[in-house]
Amino acid sequence: MTGPESTPGPSLPGFPAPAGFPAPPLPAFPGGTAVSALKVYDWEAADGLCGGSPHLHTVSSEAYLVTGGSGRVQTLSMTGAAEHDLSPGSLLWFSPGTVHRLVNTDSLALNVIMSNAGLPEAGDAVLTFPPHVLADPELYAANATLPGREEGEDVVAAAARRRRDLALEGYAELREAMAVEGPSSLARFHQAAAALVRPKVAKWRGIWEDKVRADVEATARALDALEHGSAETLSGAAVARAHPRPGPAGYGMCGRLSTWQPPLPA
């Protein structure tokens, strides 16, 4: 993903900063968000559907902007179970705690926009593994963590598929429980997810303060300056560009994931 990193950068080639004005830092990606490109897995599961691993995010909201193909996303929220069709141009988003499963019916590809850049990469997601796995942090980590790319594409792909299938086992149980008990079953899963990620929260807070909170505070300073008739905060005007990370796409929870490197001067 691209995140909101701000890196002091040089003046643009051929256009040095005017005298008395230092070169501004590179701007962060807008709004403390992150973006990645996803090609949803076409692996068939036990229920005959192709797609990714059901999971939720404990802190971050997520949006899907479909760029190609077709499919749907199954969701479990406090309003119940639902399915949402996806086709090119579809834009759908959901808040933390929403369990979501992407289903690929025809080469589904989309851009994923996440709030709280840095937190999803730091483990903000919890897969819908069966309850006995969720209750054991070591067992959860053993099933959720993929081998390194040095192990080879086939090894990593097989592990990602096993992870997906285990998440689908727990997802099927959760979906059935919701049909009988309603939102209370989802609330129990929420509690299990919260207990699982609790040890990570201190680290997450540091990431959030350095990135997202800093971005919000920059907006507050800009509003204060403009309210007093000052253009001081506009002196940071600059342009940045990110280039795709080299190499093959990674194995994400829902599909092959392509991301961008930290920004450079445009």
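Within the range 67-85, residues that are free of Cβ contacts under 8 Å to residues at least 24 places away in the same chain and in a strand (DSSP E or B) sit with their Cβ atoms under 7 Å from residues that are among the basic types (Lys, Arg) and buried (at least 17 other Cβ atoms within 10 Å of the Cβ), at 6+ positions apart or across chains, in these pairs: Glu83/Arg72; His84/Arg72; Asp85/Arg72. Can you work out which of the residues in the range 196-209 that are surrounded by 11 or more Cβ atoms within 10 Å (Cβ to Cβ) and without any contact (Cβ under 8 Å) to a residue 12 or more places away in the chain is farthest from Asp124 (Cα to Cα)? My answer is Glu209. Among the criteria (1) surrounded by 14 or more Cβ atoms within 10 Å (Cβ to Cβ); (2) under 28 Å from the mean Cα position of the chain (by Cα); (3) free of Cβ contacts under 8 Å to residues at least 60 places away in the same chain, the one Thr233 does not fulfil is (2).
State whether the residues of the range 76-84 include one that is surrounded by 14 or more Cβ atoms within 10 Å (Cβ to Cβ), more than 27 Å from Gly206 (Cβ to Cβ) and in contact with a Ser or Thr (Cβ under 6 Å, 6 or more places away or on another chain). Yes, the range 76-84 has at least one match.
Anything in the range 211-249 that is part of a helix (DSSP H, G or I), of a type outside the set (S, T, N, Q), farther than 13 Å from Pro30 by Cα and in contact with a Pro (Cβ under 9 Å, 6 or more places away or on another chain)? List them, or say none. Passing the criteria: only Gly236. Of everything in the range 250-262 that is under 20 Å from Val73 (Cβ atoms) and of a type in the set (A, V, I, L, M, F, W, C), the residue that is surrounded by the most Cβ atoms within 10 Å (Cβ to Cβ) is Cys254.
Would you be able to say whether some residue in the range 103-118 is at pLDDT 95 or above, among the aliphatic types (A, V, I, L, M), in contact with a helix residue (DSSP H, G or I) (Cβ under 8 Å, 6 or more places away or on another chain) and assigned to a strand (DSSP E or B)? Looking through the range 103-118, at least one residue is at pLDDT 95 or above, among the aliphatic types (A, V, I, L, M), in contact with a helix residue (DSSP H, G or I) (Cβ under 8 Å, 6 or more places away or on another chain) and assigned to a strand (DSSP E or B). Out of curiosity, is Ala157 part of a helix (DSSP H, G or I) and within 28 Å of Pro88 (Cβ to Cβ)? Here the answer is yes, as Ala157 does meet what is asked. Check the range 152-169 and report whether any residue there is of a type outside the set (D, E, K, R) and on the phi > 0 side of the Ramachandran plot. Looking through the range 152-169, at least one residue is of a type outside the set (D, E, K, R) and on the phi > 0 side of the Ramachandran plot. Checking each residue in the range 128-152 for being in contact with a Pro (Cβ under 9 Å, 6 or more places away or on another chain), modelled with pLDDT of 95 or more and part of a helix (DSSP H, G or I) picks out only Pro137. How many residues, within the range 250-266, are of a type outside the set (A, V, I, L, M, F, W, C) and outside any strand (DSSP E or B)? Counting residues in the range 250-266 that are of a type outside the set (A, V, I, L, M, F, W, C) and outside any strand (DSSP E or B) gives 5. Under the condition of being surrounded by 15 or more Cβ atoms within 10 Å (Cβ to Cβ), free of Cβ contacts under 8 Å to residues at least 24 places away in the same chain and within 11 Å of Met253 (Cα to Cα), the residues counted in the range 139-158 number 1. A count restricted to the range 44-66 and to residues that are in contact with an Asp or Glu (Cβ under 9 Å, 6 or more places away or on another chain) and not in a strand (DSSP E or B) stands at 6.
The values are calculated or read from the model by the stated rules, or taken from the named source; none is laboratory data. All values reported here derive from a predicted model rather than from experimental measurement. Every residue, glycine as well, gets a Cβ built from its backbone with ideal geometry; the counts of neighbours run over all protein chains shown.
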